[in-house]
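Novice: Handing you this structure, nothing more for now.
The values are calculated or read from the model by the stated rules, or taken from the named source; none is laboratory data. Quick caveat: nothing in here was measured; it's all calculated off a predicted structure. Note that each Cβ is placed from the backbone with ideal geometry, even for glycine, and that neighbours are counted across all protein chains shown. The accessibility values were calculated without ligands, DNA or RNA, using every heavy atom of the protein model including side chains. Shrake-Rupley method; radii C 1.70, N 1.55, O 1.52, S 1.80 Å.
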Amino acid sequence: MNSIPYGRQNITQEDIDAVVTTLQSDFLTQGPKIKDFEDGFAEYVGARYAVAVSNGTAALHLCALALDVDKKSNVITTPITFAASANCIRYCGGQLTFVDIDPLTILLDLNQVESTLKKSRKQYAGIVAVDFAGLPVNLEEVRQIASKYGLWIIEDSCHAPGGYFTDSKGVVQTCGNGEYADLAIFSFHPVKHIATGEGGMITTNDEKLYNRLLKLRTHGITKDPSLMLENHGGWYMEMQELGYNYRLTDFQAALGLTQLKRADLGLARRREIAEQYKNAFEGQQSIKWQSSVIDGHAYHLYVIQVADRLGLYNHLKKNNIYAQIHYIPCHLMPYYKQFGWKKGDMPHAERYYEQCISLPVYPTLTDDELNFVIQTILEYTNE
Ligand SMILES: *Cc1c(COP(=O)(O)O)cnc(C)c1O
């Protein structure tokens with residue numbers, strides 16, 4: 001059997017044709033495919049605006065800039081996420097407060113968020129909420145807390161395009177739809193649901209933030225006459241603040257568009273795979289999995305927790321199955337330890353990390369491969 005990674009892209013002839021067509025067109029970058037991709041993606045998640053950028057990390061950085069994060073800003077996030085969710089605050093000089101996870105959902109524990117805010121003498125600026133593994137954070141509850149303390153919300157939805165939760169009014173809230181979060185971000189890295197090589201997207205319903213993001217994405221420059229202070233003629237543009245070049249190329253956007261068309265198919269297959277894992281592990285005392293009390297999980301990852309994680313990891317590897325670990329807690333990274341974070345600060349996150357392992361889940365994983373993975377795991381845990 002071929003080696004089986006934990007995640008991989010699905011590139012079809014349609015994708016290849018779309019990229020080639022764009023390569024032969026007038027625009028390699030800053031052309032029409034960008035807006036097409038943005039419009040299509042905004043519609044997919046149900047947001048008013050979308051801004052395509054060069055990767056998910058750039059998306060996070062631009063969000064922090066657009067929300068005016070600076071060295072006076074204190075921001076709350078989860079330790080169980082990819083480092084970029086926290087790093088974007090540091091890029092702007094802000095400080096992170098990690099708050100422990102709920103051990104059942106592996107998401108930020110909102111009770112602890114609230115008690116942190118209540119007892120702290122610090123002024124907080126915002127929360128970076130992460131839809132870890134594809135399980136959507138209940139943003140309605142995050143918003144209630146945020147409103148009480150005057151905080152903004154960035155939803156890091158890299159794991160959850162197409163995911164949703166149902167709010168207290170019974171309304172289905174799609175990840176990134178901008179209903180409760182100020183800004184949401186996505187990544188198009190090959191292991192994510194939609195792949196453009198490198199790529200990212202920011203979605204929002206806030207027109208001011210949207211215009212600011214467009215400017216920050218391209219050096220802080222605007223060419224929109226309605227936004228300029230002066231106008232000397234057709235060539236005129238203004239650099240109004242310090243921005244970056246975080247643009248996506250047109251051929252990546254073309255790839256994103258054809259990938260987006262198949263996003264629901266891929267998501268359905270991810271949910272099918274998750275269902276089969278769940279069925280296979282039901283009744284196995286030695287295997288725990290992320291409790292999803294809500295539907296709408298997008299299954300970027302299928303994580304299980306076992307006591308002998310290293311043993312299982314090595315056993316799978318011996319069988320050419322390359323499971324992964326998501327994540328080493330951010331607060332234990334040497335970079336973050338310099339700010340005083342240490343082992344013991346986040347007991348739930350740390351215990352989770354000792355036991356977690358992400359199993360293969362991606363649309364092109366075949367039933368034969370899936371059964372092989374399941375058998376290989378059961379063979380080990382039943383020994
Ligand atoms: C992938 C990912 C990112 C960063 O995205 P890149 O496109 O790799 O920069 C940020 N946050 C989370 C949770 C991710 O999974």
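Novice: As I understand it, the dipole of the chain uses +1 on the Cβ of Lys and Arg and -1 on the Cβ of Asp and Glu, about the Cα centre. Which of Gln284, Thr116, Ile185 lies farthest toward its positive end?
Specialist: The residue sitting most towards the positive pole is Thr116.
Novice: Give the relative contact order (percent, whole number) for the range 147-299; include only Cα pairs under 8 Å separated by 6+ residues.
Specialist: Once divided by the residue count of the range 147-299, the mean separation gives 23 percent.
Novice: Can you tell me how the chain classifies by the Cα gyration tensor, rounded, prolate or oblate, using a/c under 1.5 as the rounded cut?
Specialist: Because a/c hits 1.5 or more and a/b fails to exceed b/c, the chain counts as oblate.
Novice: At 1.4 Å probe size, with the rest of the protein present, what percent of the exposed accessible area of the range 4-261 is carbon and sulfur atoms?
Specialist: Ligands and nucleic acids excluded, carbon and sulfur reach 52 percent.
Novice: Oh, and also: How big is the Cα convex hull of the range 263-381 in projection, averaged over all directions, in nm²? Walk me through the numbers on the way to the answer.
Specialist: Numbers: hull surface 35.0 nm².
Orientation-averaged projected area of the Cα hull: 8.8 nm².
Novice: Continuing with this model, one more query. Work out the length of the dipole vector of the chain about its Cα centre, built from +1 on the beta-carbon of each Lys and Arg and -1 on the beta-carbon of each Asp and Glu, and round it to the nearest 20 debye.
Specialist: Taking the Cα centre of the chain as origin, the dipole is about 1160 debye.
Novice: Straight-line reach from Lys288: which aspartates and glutamates have Cα under 15 Å away, leaving out those fewer than 8 places along the same chain?
Specialist: Output for Lys288: Asp102, Glu275, Asp308, Glu354.
Novice: With every protein chain left in place, what is the accessible area of Lys288 in Å² (1.4 Å probe, nearest 10)?
Specialist: 110
Novice: While we're here: Calculate the spin-label point distance for Leu242 paired with Lys148, positioning each point 7 Å from the Cα along the beta-carbon direction, and give it in nanometres.
Specialist: According to this spin-label approximation, the distance is 3.7 nm.
Novice: Measure nothing but the geometry: give the 0 to 90° angle between the long axis through the Cα atoms of 56-66 and the longest principal axis through the Cα atoms of the chain, rounded to 10°.
Specialist: Result, in degrees: 50.
Novice: Compare the Cα positions of Tyr362, Tyr6, Val171 along the charge dipole of the chain (+1 at Cβ of Lys, Arg; -1 at Cβ of Asp, Glu; about the Cα centre) and return the one farthest towards the positive end.
Specialist: Toward the positive end, the furthest listed residue is Tyr6.
Novice: What order do you get for 219-231, 263-275, 241-253, 295-307 when each peptide is scored by the mean count of other beta carbon atoms within 10 Å, highest first? Mind dumping the intermediate values first?
Specialist: Details: 219-231: 12.2, 263-275: 17.3, 241-253: 20.2, 295-307: 22.2.
By packing density, highest mean first, the sequence is 295-307, 241-253, 263-275, 219-231.
Novice: Calculated from DSSP H runs of 4 or more alone, at -39500 (n - 2.57) each and per residue, what is the 222 nm mean residue ellipticity of the chain, nearest 500?
Specialist: Calculated at 222 nm, the ellipticity per residue is -11500 deg cm²/dmol.
Novice: While we're here: Before I look further, what does the range 48-96 give for accessible area per residue, probe 1.4 Å, in whole square angstrom?
Specialist: It amounts to 30 Å² per residue over the range 48-96.
Novice: List the lysines whose Cα sits under 17 Å from the Cα of Lys215, skipping any in the same chain fewer than 8 residues away.
Specialist: Partners within reach: Lys35, Lys223.
Novice: I would also like to ask the following. Is there a quick way to get the dipole size of the range 263-381? I mean about its Cα centre, with the Cβ of Lys and Arg at +1 and of Asp and Glu at -1; what is the value in debye to the nearest 20?
Specialist: Roughly 540 debye, rounded to the nearest 20.
Novice: For the range 1-145, treating each Cα as an identical point scatterer without solvent, what Debye log10 I(q)/I(0) comes out at q = 0.22 1/Å?
Specialist: -1.42
Novice: Check cross-link reach from Lys169 to the aspartates and glutamates: straight Cα distance under 12 Å, and skip same-chain residues fewer than eight apart.
Specialist: Partners within reach: Glu140.
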